[in-house]
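Notes to accompany the following structure.
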Amino acid sequence: AAMIIHFVAGLASLLYLPFIFTIVLLVIFLSATGLTLGIRQRVADLLILIFEWGSNVTEEPEEPTKDEQTQKEEEEPKPATIKKRHSSSDLRIIKREHSDVIENKLQGQDVLKKKSTVSVLVDDTLDFISAGIESIIEDNVTSRFSAEQLPSWNLLSRTKYDFQHISPKLTILWILGFCFRYLILVPIRVCLFVVGMASMCLIASAVGHVPNKSIKKWLNRRAMLMSMRIFSRSFSSIVRFHDRQNRANQGGICVANHTSPMDVMILSCDNCYAMVGQKQGGILGFIQTSLSKAEHHIWFERSEANDRKAVSNRMREHVDDPSKLPIIIFPEGTCINNTSVMMFKKGSFEISATIYPIAMKYDSRLGDAFWNSTKQSYGEYMWMMMTSWAITCDVWYLPPMTRLEGEDSIAFARRVKKAIAKAGGLVDLEWDGALKREKVSAKLIALQQKLYFERLSRRTSMCNDVTDEDMDILKNMSEEDRNQLLKQLDESDDVDAVIRKVSSFIPEVAQLVTEGNQTEPVN
Amino acid sequence: LPRSQIGMGNSSSQLPRDDEIETIAHETEFSRSQIVRLHARFVSLDKKGRGFLERDDLKNVPELAVNPLGDRIVDAFFTVGGSYDDGAFASVKRLDFRQFVRVLSFFQPIDRSKKNVHNRRTDKLKFAFIMYDLNKNGYITREEFVVILNSMVGANITSDQLDNITDRTFAEADMAKDGRISFEEFCKAMEKTDIEDKMSIRFLH
């Protein structure tokens, strides 16, 4: 018996290594030439079929659940393309009616009928309470910092939470999947990763020695594209690029939404970019140095990173030089779970007047690329990626956008964000991604109080100096104007001062509104 | 069919056992799938994975942080959540999942076909009352009312106007004219308000 085991083991190992070797060589060949056999896509399609078959199997146990789930699927139209999938796939618990009521009240869109102060207060207090409880149950922000929920189980134990009842059939599928992933996929991927890393660093250093600038550039491009493709295959990424005619060719700043550390890798499979980041130590630092030998990247020292002006200057220098590569920047500043786009920091929008937006949408059914840096370390994250089925991503290159006459950086950033959200089918949010780690700023809280105060003045007999027309204008004010107004209001102002400032601001707004109706709207 | 035990993760992020879900469903009249979804929410709020929530966990929800009554709501949440079955209230520091669901059940719409219509309305009013009654002595005093008003409008209002509004409110609500509002007076004052509509949340099935 021992002999048989030895024999089988011997045979397996005899076939195993060459098998892995051939695949690695094949991949290197494909990456160098930029071809693809379409195998990953076919396997991905097969896997999705298996998952859907598997999820039909789990609907046996509870009749009610099956009805609810099919009901949900009927309510939301089955998306034809990946583009349409967005946060409606999250399982909703409540309908947030009271939060909408509060929004309307604060924005002044409720019916104007003067009522007694007390009844207004009572009314509003109750609405605030209910809206508050609603936000405890379901809110727009915290859900963006944890992985997206899946419609059906994808046979990875990490996503098993939502799916309670697992039948024996599914268990067997899971075991098979586990073996396939860990015994076949992982070794291939690890080899590819090492090869990719080696090729990137070695070739980059070698290319650095080439004297002729244009040959250097061409070599760097081929080398980087090849290495990045090897990397992307080492995670089994299936990437589809759309609208490639809008790709940035000669410098400029490219802007994209951020989901994972692999965003850069995926984008680099199609185009070469100059990277921006903090200089790290250790392995990452070594990679940064090797990359810099072949091309110009912008690596900051830790102290420099805090000096925003220095950062802007270096970036501006880079952008102004036409021989340098386009820069890639993620203005959200942190990883978001790819169901929404959060506030874009205005820094990069101040440097150049032309921006090349890129929208990235991951399909999390085969593997969720979102990195929750509060829960996972970088190493854990990489391991999770290596042991997933695949990473699927759609990339849309949007036509370049330029800053309009009189548009400030914040408005420009917001416009670009809106375009990216629309292209990727993501929810557009104004909340700051920094809320992942930080608390809401006191300014935002004070703003809500001001809005509420305005409402009280309108609805009650507290003060009568603002007319109905003014109220209309206040109601229809654009968000920037509202922010402008609030900038002028000071915490220490008393009621009269507030009324004075609002009254003097309104004629300006009124003029902008009439002008705005004739030209293109700012928002 | 027993759930298979594949999977890692500490006990607090696993679903509660079937019998626990049964108990909660019986207690609160939430359906099983609603409880499962609420548990997913509980887990996402419980960022450190400890199996209970503290005040800060709720205060960190950005949309609650900008709510002018945010702090008061969290406080009321933890007081009502820690309450005993006989109705006595105790302000607690931690809430487990069962208590979390219990507080939320107060906000279920009132089902007229069920027997406890009156209790539901009283429960909702209790929540609002506790929010005002800072020291939980069963009465809302002028000072406590002023604090609430202050949270809603911040520094935008003069103290004269504050007093003015407080006077008017107490004139209407304080029947006994003892300078404070009891729970009975509170309920009476709210008679005309459609509490059921204002304080019910539409739970999806």
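All of the numbers you see were taken from the coordinates with simple rules; none came from a lab. Remember, it's a predicted structure, so these values are computed and weren't measured experimentally. Every residue, glycine as well, gets a Cβ built from its backbone with ideal geometry; the counts of neighbours run over all protein chains shown.
As a length-normalised measure over Cα pairs under 8 Å and 6 or more apart, the relative contact order of segment B:43-106 settles at 29 percent. Counting Cβ atoms of other protein chains within 10 Å of each residue's Cβ and taking the mean over peptide A:439-445 gives 4.
Take each peptide in B:43-54, A:207-218, count the other Cβ atoms within 10 Å of every residue, and average; sorted highest first, the result is B:43-54, A:207-218.
For the pair residue A:175 and residue B:135, what calculated FRET efficiency results from E = 1/(1 + (r/R0)^6), where r is the Cβ-Cβ distance and R0 = 35 Å, to the nearest 0.05? Using R0 = 35 Å, I get an efficiency of 0.05. Helical content alone sets the calculated 222 nm signal of chain B at -15500 deg cm²/dmol, taking -39,500 (n - 2.57) per DSSP H segment of four or more residues and averaging over every residue. Highest average first, the peptides B:97-105, A:243-251, A:169-177, A:222-230 ordered by how many other beta carbon atoms sit within 10 Å of their residues are A:222-230, B:97-105, A:169-177, A:243-251. Its Cα centre serving as origin, segment B:141-193 has a Cβ charge dipole (Lys and Arg +1, Asp and Glu -1) of approximately 100 debye. Peptide A:98-105 has a mean of 2 when you count, residue by residue, the C-beta atoms of other protein chains within 10 Å of its C-beta. Maximal additional length on extending the residue A:353-residue A:286 stretch stands at 20.8 nm, based on 0.36 nm per residue less the C-alpha distance. Taking Cα atoms only, the orientation of helix B:70-81 departs from the longest principal axis of chain B by about 60 degrees. Inter-part distance, segment A:358-379 to segment B:181-201, computed on C-alpha centroids, equals 47 Å.
Separation of the alpha carbons by more than 21 angstrom is noted, of A:417/A:439; A:345/A:418; A:217/A:361; A:95/B:93; A:169/A:361; A:346/A:422, for A:417/A:439; A:217/A:361; A:95/B:93; A:169/A:361. Mean partner shielding of peptide B:103-111, defined as the number of other chain Cβ atoms within 10 Å of each residue Cβ, is 2. When the Cα positions of A:230, A:250, A:212 are compared along the charge dipole of segment A:162-318, A:212 comes out farthest toward the positive end, with charges on each C-beta of Lys, Arg, Asp and Glu.
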